[in-house]
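K.L.:
Can you read through this structure? Questions will come right after.
FYI, it's all coordinate maths here, none of it is from the lab. What you are looking at is a predicted structure, and each value in this text was computed from that prediction instead of being measured. Please note: Cβ atoms are built from the backbone with ideal geometry, for glycine as well, and neighbour counts cover all protein chains shown.
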Amino acid sequence: MSDRLFRVSAPEAPDGAGPGRRKNLLTIVTVSQDNQSFNAMPESAPPPGGETAVPGGAKPPADEPVDQVTVDDLAAQLEAVTVERDRLAGENEELKDRLLRRQADFENFRRRVERERAEMAEFAGMETVRALLPILDDFERALRATPPLDGAAAEYARGVEIIYQRLRDTLQKLGLEPIESAGKPFDPNIHHAVERVTDANAEDHTVVEEYQRGYNFKGKPLRPAMVKVAVKPS
């Protein structure tokens, strides 16, 4: 490898430095023929201490301090996040349980309202039928008390009987159900005993006579029957 040295002359000095004077600056330029790289020496040496000079005399910015996070700080932050996570998970489970309970309560309420509405529609005519029972009783008493008639009177009695049958059939279509009591065992749920008689020929606590017929309405008791009950002699 061979190096070449060049002498470079600086330009003329500015005014006041003397006419015709040149400031010679010896610059050694090494030319490497192997890698064709140029290494030039600067005109002035760097400042002492290895610092880089900043134009205008300003100092270079100092390095900003870096926060050093310790292991203890990370552990404390992780523990705080874990506690918060557990708290939120507990609140979430509580809210889910409360929501399920509210949904169950609402579903039970909806079913109860639908059942009550169906029962109300089913038994809406119960009180109306109950109010018509005395009229039905009067027809039955009148027919039982009517003696055998002839001519126009018999036709009149026949007309009253037809009216009674039509009223009875209409009420039965609405849900009225007569209770058969004669000869049946006494049942306090559907019978109202107004008289007790001693009868050795009848079964103990058996209905031997019906004073007023009892009725159910769509399977539910509407009015108990007024009956005479036989008991065995003591």
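K.L.:
Tell me the relative contact order for region 75-223 as a rounded percent, counting alpha carbon contacts under 8 Å between residues six or more apart.
P.N.:
Rounded, it is 22 percent for region 75-223.
K.L.:
Restricting everything to alpha-carbon atoms, can you work out Rg to Rh for region 126-231 with a Kirkwood hydrodynamic radius?
P.N.:
Ratio of gyration radius to Kirkwood radius: 1.05.
K.L.:
When Lys and Arg each count +1 and Asp and Glu each count -1, what net charge do the other residues less than 14 Å away from Ala157, Cβ to Cβ, add up to?
P.N.:
With Lys, Arg at +1 and Asp, Glu at -1, the net is -1.
K.L.:
Could you give me the ³J(HN,Hα) list for region 209-226, computed from phi with Karplus coefficients 6.51, -1.76, 1.60 and θ = phi - 60°, whole Hz, x at Gly and Pro?
P.N.:
7, 10, 8, 9, 5, x, 9, 10, 10, 6, x, 9, x, 10, 8, x, 7, 8
K.L.:
Separation of region 87-114 and region 169-183 by C-alpha centroid, Å?
P.N.:
Centre-to-centre (Cα) distance: 47 Å.
K.L.:
Mind listing the long-range amide H neighbours of Arg196? Cut-off is under 5 Å, sequence gap 5 or more, other chains count too, H placed in the peptide plane at 1.01 Å from N.
P.N.:
Hits under the 5 Å cutoff: Val229.
K.L.:
Could I ask something else about it? Can you work out the Karplus-derived ³J(HN,Hα) for every residue in region 161-178? Use 6.51 cos²θ - 1.76 cosθ + 1.60 with θ = phi - 60°, whole Hz, and x for glycine or proline.
P.N.:
3J(HN,Hα) across region 161-178, in whole Hz: 5, 5, 4, 4, 5, 5, 5, 5, 5, 5, 5, 5, 5, 6, x, 6, 10, x.
K.L.:
Ranked from highest to lowest mean number of other Cβ atoms within 10 Å per residue, what is the order of the peptides 76-82, 138-144, 221-227?
P.N.:
221-227, 138-144, 76-82
K.L.:
Quick one: net charge of Gly125's neighbours, Cβ under 14 Å, K/R +1, D/E -1?
P.N.:
0
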